[in-house]
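The values are calculated or read from the model by the stated rules, or taken from the named source; none is laboratory data. Not measured: the values here are computed from a predicted model. As a convention, Cβ positions derive from the backbone with ideal geometry for all residues, glycine included, and neighbour counts pool all protein chains shown.
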Amino acid sequence: MAQGYFITGTDTEIGKTHSAVALTRHWQAQGRRVLAMKPVASGCEIRDDGSWWNDDVARLSAATGQQDLALMNPYRFLPPVSPHIAAREAGQLISLEVIAAHYQRLAEEADVVLVEAAGGWLAPLTDELCMEDMARRLALPVILVVGMRLGCINHALLTARAIRGAGLTLAGWVANRVVPDQLAYEDNLATLKAAIPAPMLLEIPYQG
């Protein structure tokens, strides 16, 4: 059975997919079979051939070589809004049991499975459930992607505390530079290294 990791972030649009791809390549270089899952994706398009397309799913698929996009992405929605709103508008109910079943199928075929959340740790899935509930249902250690910018220390420490408060293991974190010139970047990085009770797994430079 694969080792799974749940990837969350300090906010939306702070590089969870970019970090997941980097981690995928890191473990692939060690000879490990890595598969990915994006259980819920908002902001999809329907192509001319009728297929659904989402940038995050496409990037993960390209990195891992997965072809069964329905398996890696069971819930997909057109509007780029919070999943609970998109699901409500589509008349769907996001089920943790469906997500868990898809994860188990992937875990049977891989050494590592990365499950990328949508939004931040408490982003809603339904009116009753949030991303934290998904991580708890899958019972996976968590990797926190920190978008390195002004305010990241507070966001990172609050999220790390929430992860541990949920009874889950914080396996590590990724420092992803989302702005080109963060003031006192090295000082911020040193503060996070000292304050987050988990190792920094990757430091990703600004991509532009």
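Annotations for the structure displayed:
- One residue alone among ARG25, ARG76, ARG59, ARG33 is surrounded by fewer than 20 Cβ atoms within 10 Å (Cβ to Cβ), over 20 Å from VAL145 (Cα atoms) and not small (Gly, Ala, Ser), and that residue is ARG33.
- Those residues of the range 14-40 which are in a helix (DSSP H, G or I) and small (Gly, Ala, Ser), in sequence order: SER19, ALA20, ALA22
- Members of the range 67-84 that are more than 18 Å from PRO124 (Cβ to Cβ) and either assigned to a helix (DSSP H, G or I) or within 17 Å of the chain's Cα centre (by Cα) (or both): LEU69, ALA70, LEU71, MET72, ASN73
Residue-wise test of (1) within 30 Å of GLU97 (Cβ to Cβ); (2) in contact (Cβ under 8 Å) with a residue 24 or more places away in the chain.
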residue: ARG137; (1), (2): yes, yes
residue: PRO141; (1), (2): yes, yes
residue: LEU170; (1), (2): yes, yes
residue: GLU186; (1), (2): no, no
residue: MET200; (1), (2): no, yes
residue: GLU203; (1), (2): no, yes
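- Within the range 39-59, considering residues that are touching a Phe, Trp or Tyr at 6+ places or on another chain (Cβ under 9 Å) and in contact (Cβ under 8 Å) with a residue 60 or more places away in the chain, the one farthest from SER82 (Cα to Cα): PRO39
- Residue check for ASP48: modelled with pLDDT under 95, touching a His at 6+ places or on another chain (Cβ under 8 Å), among the charged types (D, E, K, R) and outside any strand (DSSP E or B): no
- Scanning the range 36-56 for residues that are among the charged types (D, E, K, R) and surrounded by 14 or more Cβ atoms within 10 Å (Cβ to Cβ), we see that the one that is nearest to the chain's Cα centre (by Cα) is LYS38.
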